[in-house]
1. Kindly provide the set of residues from the range C:70-82 that are of a type in the set (A, V, I, L, M) and free of Cβ contacts under 8 Å to residues at least 12 places away in the same chain, ordered by number.
2. For the range A:28-43, does any single residue satisfy the condition of being in contact with a Lys or Arg (Cβ under 8 Å, 6 or more places away or on another chain) and among the acidic types (D, E)?
3. I need the full set of residues from the range A:110-159 which are more than 15 Å from A:F41 (Cβ to Cβ) and either in contact (Cβ under 8 Å) with a residue 60 or more places away in the chain or of a type in the set (K, R) (or both), in order please.
4. Name the single residue, out of those in the range C:43-52 being within 14 Å of chain B (Cβ to nearest Cβ) and under 19 Å from the mean Cα position of the chain (by Cα), that is nearest to C:G131 (Cα to Cα).
5. I'd like to verify a number: residues in the range C:63-77 that are more than 10 Å from C:A19 (Cβ to Cβ) and within 11 Å of chain A (Cβ to nearest Cβ), how many?
6. Does A:W153 count as part of a helix (DSSP H, G or I) and aromatic (F, W, Y)?
Amino acid sequence: MAWDVFSVIGTIAFAISGALVAMEEEYDLFGVYILGIVTAFGGGAIRNLLIGLPVSTLWSQEMMFQIALAAITIFFLMPHHLIKHWNRWGNLTDAIGLSAFAIQGAMHAVHLELPLAATIVAAVLTGAGGGIVRDLLAGRRPIVLRHEIYGVWAACAGLLIGLEIFRGDFFLYSLFIVITVLRIFSYTRSWSLPIRKLQYSK
Amino acid sequence: MAWDVFSVIGTIAFAISGALVAMEEEYDLFGVYILGIVTAFGGGAIRNLLIGLPVSTLWSQEMMFQIALAAITIFFLMPHHLIKHWNRWGNLTDAIGLSAFAIQGAMHAVHLELPLAATIVAAVLTGAGGGIVRDLLAGRRPIVLRHEIYGVWAACAGLLIGLEIFRGDFFLYSLFIVITVLRIFSYTRSWSLPIRKLQYSK
Amino acid sequence: MAWDVFSVIGTIAFAISGALVAMEEEYDLFGVYILGIVTAFGGGAIRNLLIGLPVSTLWSQEMMFQIALAAITIFFLMPHHLIKHWNRWGNLTDAIGLSAFAIQGAMHAVHLELPLAATIVAAVLTGAGGGIVRDLLAGRRPIVLRHEIYGVWAACAGLLIGLEIFRGDFFLYSLFIVITVLRIFSYTRSWSLPIRKLQYSK
């Protein structure tokens, strides 16, 4: 039940992040809907492909589609001074989505008894895959791969779940809170991973 | 039978549009063939993935492959003054392809008894998915998402077919003509969808 | 046995080429790992999708994952003067990977008794698909489609295997050597395919 609430929050946050990127790129209304939908559902679809679940399970979540479409529509019509405040709310809700989806993605892989590598990839794709496809469709280099600590927290969730040292609801809820908080801190405190620059003497 | 003719026209139009984009980007002969093939067959492949049809049905259309390869080859060798005229013919044949593929894609989803959302997505992907992948491989932001009214007509076809209010050959042929004409008008009259610009006070 | 060795060499070369592109684009450590993994395993995953093999067979090669992760880690930490020498070794090992993966990809399609077109596509995707996804994730136009003779050699391997005129280990080893050498020559002698430029009188 709680996970359903997290999923709804995450779906709305992801759909709006896609719509926002499309609007920043001055895509038309069709592009805004497509980027919103792709960001919300693309990560789960690619995960299903890679771990061997039928991709068509996508269509069983029709209510989620309607929620995403409604969120995109409201956001597109929202007055300008409210959009400016989205940044703060967007970051919080996006972190909830990242954390909830990463955990759910990893659990899918565990239920299929796939090896650890698959559990980590499933967590990363479910949490961050939609955002990567969003950036590609917007003609941007995916921000997740460049400097924000985002996908790494999904990978950590996948690792801890895949190791199967801890189990049970208490563990999963704790992990959810820790990942959400770490992601918010990564953003507010501008944490970053090491970058190795290459100097060519060209 | 008529649908087969529309499919052949559409496949040729899509293959040439891919080859043309590759030539505009100064890709080599290999890139020209790859972009042509991807534009002609990529949308159907992604649709199959998402609605749960085996992607390998792709390989049962070997004659279509040969037609596409022949079209790309002829176009690559075509004298320059003929290519300049392609724009007009290209727009007409591309509209036929969009319309025919969108309708066929939606029918696949209806036959699988998938929900309305899947029917719309199947129509959009079959009609416009190849062009999106073409633009990504050319390093362009997909034109369908930016300012041309193109995918929306595919979505309309998917919606009308998915609602299953109307059925039968007469409905499908009428829909085919209407979608084709609307797409051609969108182009010749430069129709566009609303764009919401964001002004940041950065 | 020999093919296992070629596969290991190719996997290392592809993983490092992904890591190198990510470092050139100043992606962070997470991006370096993702691009490395995608380059090494992405082509095979897309090939499995398109020829109808379960994509989840990916997860049975856990040792290959560990080898790729180790190669990426070592390369990320490597002193600068050693990276400069990578170009020469990178070209050789990458050619081995291209050749071995193209042949293995084509053999998969032949075992599934797919038509010639599928065999060629399987060879190209297995050999060059990972590099295409790598370039897209790096925000680059795929180099394979632009001016390097690379994918064409994979297509030739697919064609010769798909025609099934020659068979047996001796043929496959000879083909492997020929494709590897042709790819190395393409690079060292800057061979290129014809490009048709379009002059618009805009």
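The values are calculated or read from the model by the stated rules, or taken from the named source; none is laboratory data. Just so it is clear, the model here is predicted, and its values are computed rather than measured. All Cβ positions, glycine included, derive from the backbone under ideal geometry; neighbour counts span all protein chains shown.
1. Those that are of a type in the set (A, V, I, L, M) and free of Cβ contacts under 8 Å to residues at least 12 places away in the same chain: C:A70, C:I74, C:L77, C:M78, C:L82.
2. Yes, that holds for at least one residue.
3. Across the range A:110-159, the qualifying residues are A:L112, A:L114, A:A118, A:V121, A:A122, A:D135, A:A138, A:G139, A:R140, A:R141, A:R146.
4. Taking the range C:43-52 and keeping what is within 14 Å of chain B (Cβ to nearest Cβ), we get C:43, C:45-52.
Imposing the further condition that a residue be under 19 Å from the mean Cα position of the chain (by Cα) reduces the set to C:43, C:45-51.
Numbers: C:G43: 8, C:A45: 13, C:I46: 12, C:R47: 13, C:N48: 16, C:L49: 17, C:L50: 17, C:I51: 19 Å.
For the range C:43-52, the residue satisfying everything is C:G43.
5. Narrowing the range C:63-77 to residues more than 10 Å from C:A19 (Cβ to Cβ): C:63-67, C:69-70, C:77.
Filter once more, so that each one left must be within 11 Å of chain A (Cβ to nearest Cβ): C:63-66, C:69, C:77.
Counting residues in the range C:63-77 that are more than 10 Å from C:A19 (Cβ to Cβ) and within 11 Å of chain A (Cβ to nearest Cβ) gives 6.
6. So A:W153 fits the description; yes.
Residue by residue, here is whether (1) more than 8 Å from chain A (Cβ to nearest Cβ); (2) within 20 Å of B:G36 (Cβ to Cβ); (3) within 12 Å of the chain's Cα centre (by Cα) holds:
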site: B:I96; (1), (2), (3): yes, yes, yes
site: B:P115; (1), (2), (3): no, no, no
site: B:G129; (1), (2), (3): yes, yes, yes
site: B:V133; (1), (2), (3): yes, yes, yes
site: B:W153; (1), (2), (3): yes, no, yes
site: B:C156; (1), (2), (3): yes, no, no
site: B:L159; (1), (2), (3): yes, no, no
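Yes/no per residue for (1) farther than 17 Å from A:V121 by Cα; (2) without any contact (Cβ under 8 Å) to a residue 60 or more places away in the chain:
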{"residue": "C:L20", "(1), (2)": "yes, no"}
{"residue": "C:D28", "(1), (2)": "yes, yes"}
{"residue": "C:Y33", "(1), (2)": "no, yes"}
{"residue": "C:G36", "(1), (2)": "no, yes"}
{"residue": "C:G44", "(1), (2)": "no, no"}
{"residue": "C:Q61", "(1), (2)": "no, yes"}
{"residue": "C:A68", "(1), (2)": "no, yes"}
{"residue": "C:H85", "(1), (2)": "yes, yes"}
